[in-house]
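For reference, the structure is listed below as structure tokens.
The values are calculated or read from the model by the stated rules, or taken from the named source; none is laboratory data. Just so you know, these numbers come straight off a predicted model, no measurement behind them. Note: ideal-geometry Cβ built from the backbone for every residue, glycine included; neighbour counts use all protein chains shown.
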Amino acid sequence: MPDTRQLVDIRRFGPTKDGDCTASLERAFADPDVYPWIPPDLRCSALDVPLPSHATIVIDGVIEMTAGAPARAAMFTNADPRQGNSHIALVGNGSIDGARVRQASDAEHELVRFSNCSSIAIHLARAGGNRFSRTVRERSGAAIHLLGGRNHSISIDFLVDYGREGIWLFDVSDSVVRDTNTRGGDESWSGVQVGGPTSARNRIARVATHLAGASGIGCDSKESLVVDCSSRANAYFHGFNFGHAGQPADDTTGLRLLSDSAGTEGSASADFNGFSIVNGSRRVSLIDCVAERAFRDGFNTSAGADESTLFSCTASGSGRYGVNAYGATVVARNCTFHSNAGGSVSPSGNGHVLVE
């Protein structure tokens, strides 16, 4: 059946109280004949808006988190987090913003938090600014946080000054993060994280991260692809990370990736590398990848990450080796390693680099 819904300004669903459009949005979602629309001339606020299945909101203006929001809150959630919802979309040429300066310093806020959903689409021009206190380390969160499900698609032209992770797709499959630029701030961790214990067949494409507070891009997902991405000047850990505790990245490929100046806050023996394949991630292939000026190693394999291969990769300016293997074996084929402080490859011992 053709879609006959109309694009309708949310102000048609009642006046906003002190700029808060939460109630107007909820009334709009109850009307099956409309797409709620935030037009370019509207700047409003919202808090904990529950989105039902098949909900679409078109954002061409700006929606901010309501000032003084509760300590743990999100702007948008799904209506049934236990059973999940499907086919929810936030799209447009506008912005969702966490209004960080108007929130308590100890807040833990997310812009979007969807649980157990399928077929989520988030395609926006700009997002960020959510408060997530640096003093809270035992809990994790993200500006854009999807937990579980499959067939998600995320792209944000500019994700800036985000709190905790930028985009985090946890334990999802058959999903994509693409065409996104992130720039971290004081409360930022990784730009993009995709993975989980059962995560598989995901794709990260054309993502550029800058000034991430942790790893630039993490892929802890099996049978997945990271392609045409870059990480520049991430503060801690790695430009690109493949594998996490209990979340291996088996049979995943990285293609045409650039890590520049990984681990800018590194000191002493900090294990901050351009690329890191760890935690038992097997058969990871990196092709045409470049590591420049990594704090420690350009490419690192460790913790049982066997059968991994580097094809036509380059490492230069590393603080130690161009490629290191510890507790793992890696094949480097047709690679170039130069101007690395400790040499091209780590000596054999606890691990082995096979150069072909």
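What to note about this one:
- Of all residues in the range 160-191 being part of a loop (DSSP other than H, G, I, E, B) and within 10 Å of the chain's Cα centre (by Cα), the one that is surrounded by the fewest Cβ atoms within 10 Å (Cβ to Cβ): Trp189
- Restricted to the range 197-292, the set of strands (runs of 3 or more DSSP E) holding at least 1 residues that are among the aliphatic types (A, V, I, L, M) and in contact (Cβ under 8 Å) with a residue 12 or more places away in the chain comprises 203-210, 217-222, 225-232, 253-260, 275-277, 285-287, 290-292.
- Screening the range 194-243 for residues that are β-branched (Val, Ile, Thr) and surrounded by fewer than 24 Cβ atoms within 10 Å (Cβ to Cβ) and picking the one that is modelled with the highest pLDDT gives Val227.
- Screening Ala121 on (1) in contact with a Lys or Arg (Cβ under 7 Å, 6 or more places away or on another chain); (2) of a type in the set (Gly, Ala, Ser); (3) part of a strand (DSSP E or B) shows it passes everything except condition (1).
- Flag if Asp48 is under 23 Å from Gly149 (Cβ atoms) and acidic (Asp, Glu): yes
- Filter result for Ser105 (modelled with pLDDT under 95 and more than 19 Å from Leu146 (Cβ to Cβ)): yes
- When each of Ser190, Ser269, Ser261 is tested for being at negative phi, at pLDDT 95 or above and among the hydroxyl-bearing types (Ser, Thr, Tyr), the lone residue that passes is Ser190.
- A single member of Ile59, Ile156, Ile122, Ile88 is in contact (Cβ under 8 Å) with a residue 60 or more places away in the chain and at negative phi, and it is Ile59.
- Any hit, the range 105-117, residues being closer than 19 Å to Ile204 by Cβ, among the aromatic types (Phe, Trp, Tyr), under 18 Å from the mean Cα position of the chain (by Cα) and buried (at least 23 other Cβ atoms within 10 Å of the Cβ): yes
- Among the residues of the range 249-284, the ones that are small (Gly, Ala, Ser) and surrounded by 24 or more Cβ atoms within 10 Å (Cβ to Cβ) come to 8 in all.
- The listed residue being under 23 Å from the mean Cα position of the chain (by Cα) and among the charged types (D, E, K, R), out of Arg27, Arg100: Arg100
- Within the range 306-344, considering residues that are hydrophobic (A, V, I, L, M, F, W, C) and part of a loop (DSSP other than H, G, I, E, B), the one farthest from Glu292 (Cα to Cα): Ala328
- Residue within the range 334-344 that is within 22 Å of Val227 (Cβ to Cβ) and buried (at least 17 other Cβ atoms within 10 Å of the Cβ) present: yes
- Looking across the range 241-276, just one residue is among the polar types (S, T, N, Q), touching an Asp or Glu at 6+ places or on another chain (Cβ under 6 Å) and under 21 Å from Phe295 (Cα atoms), and that is Asn273.
- Considering residues of the range 123-144 that are surrounded by fewer than 24 Cβ atoms within 10 Å (Cβ to Cβ) and under 19 Å from Gly216 (Cβ atoms) only, the residue modelled with the highest pLDDT: Gly141
- Test: Arg296 is assigned to a loop (DSSP other than H, G, I, E, B), buried (at least 21 other Cβ atoms within 10 Å of the Cβ) and either among the charged types (D, E, K, R) or modelled with pLDDT under 95 (or both): yes
- Condition check for Ala142: under 14 Å from the mean Cα position of the chain (by Cα) and among the hydrophobic types (A, V, I, L, M, F, W, C): yes
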